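Laboratory data are not the source of any read-out in this text; all were calculated from the coordinates shown. Not measured: the values here are computed from a predicted model. Cβ atoms come from the backbone with ideal geometry, glycine included; neighbour counts cover every protein chain shown.
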Amino acid sequence: MIGYLKGELAEVKESYVVLEVGNVGYEVSLPSSAIMELPPRGSTIKLYTYLHVREDALNLFGFLTRDDLEMFKLLITVNGIGPRGALGILSAISADEIRFAVLAEDAKTIAKAPGIGNKTAGKMILELKDKFKLETAFEQRLINQSSRMEASGIFGKKEEAVQALTVLGYSGADALKIVNQVDISEDMGSEEILKLCLKKMA
């Protein structure tokens, strides 16, 4: 089993990245929320990974935090939720939100995830509610908030650029795709990033 990969971020696509480790490029599927938080291409990053083995394929799923990986592992234990479904849930709802939604038996929040209806959300609550404790959920949220604050600079700029492009009439998917193709640094302003994105789209 591959616990994590640490290497150069070689390519960023809409639903996966290519991470170069020891001259080998690993294709790793990520939640879209994680792709938004990635540093510029060429940066060294660490991804916590899960290797899903099927008869016809080996698929690597990656996460920026160990907490997201552990949540992914819990989600795929739920009857009817596979790795792609779990990735979709973590793209729409954070691990913290999942914990609190399960503890509060809030199926409506869980059903926001693509492909998850009220029935599956109810099943998720039923199967996971014994796995979480309220005290632990609050502790983990504080840890995650602290980590996010440290990495919020570039993530915030990317989010602003995506929002600006959607206001200009581009779809969310197209906006996210193009923002991830632009190398963004901490010292760049929102206007500069938007110009680079529009230049790419031209």
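Results, tabulated for the structure shown:
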{"item": "Selection count where residues are assigned to a helix (DSSP H, G or I), surrounded by fewer than 15 Cβ atoms within 10 Å (Cβ to Cβ) and of a type in the set (A, V, I, L, M, F, W, C), scope the stretch 159-194", "result": "2"}
{"item": "In the stretch 16-41, residue nearest to Phe61 (Cα to Cα) [restricted to those that are polar (S, T, N, Q) and touching a helix residue (DSSP H, G or I) at 6+ places or on another chain (Cβ under 7 Å)]", "result": "Ser29"}
{"item": "Residues located in the stretch 11-46, provided they are more than 19 Å from Ala92 (Cβ to Cβ), touching a Lys or Arg at 6+ places or on another chain (Cβ under 8 Å) and of a type in the set (A, V, I, L, M)", "result": "Val12, Val21, Ile45"}
{"item": "Residue satisfying all of: in the stretch 70-93; in a helix (DSSP H, G or I) and crowded, with 21+ Cβ neighbours inside 10 Å; farthest from the chain's Cα centre (by Cα) among these", "result": "Leu75"}
{"item": "Positions within the stretch 30-59 being part of a strand (DSSP E or B) and in contact (Cβ under 8 Å) with a residue 24 or more places away in the chain, in sequence order", "result": "Thr44, Ile45, Lys46, Leu47, Tyr48, Thr49, Tyr50, Leu51, His52, Asn59"}
{"item": "Restricting the stretch 120-137 to residues that are out of contact with any helix residue (DSSP H, G or I) (no Cβ under 9 Å at 6 or more places or on another chain) and without any contact (Cβ under 8 Å) to a residue 24 or more places away in the chain, the residue that is surrounded by the most Cβ atoms within 10 Å (Cβ to Cβ)", "result": "Leu126"}
{"item": "Residue ID - surrounded by the most Cβ atoms within 10 Å (Cβ to Cβ), chosen from residues in the stretch 1-29 that are among the charged types (D, E, K, R) and not in a loop (DSSP other than H, G, I, E, B)", "result": "Glu20"}
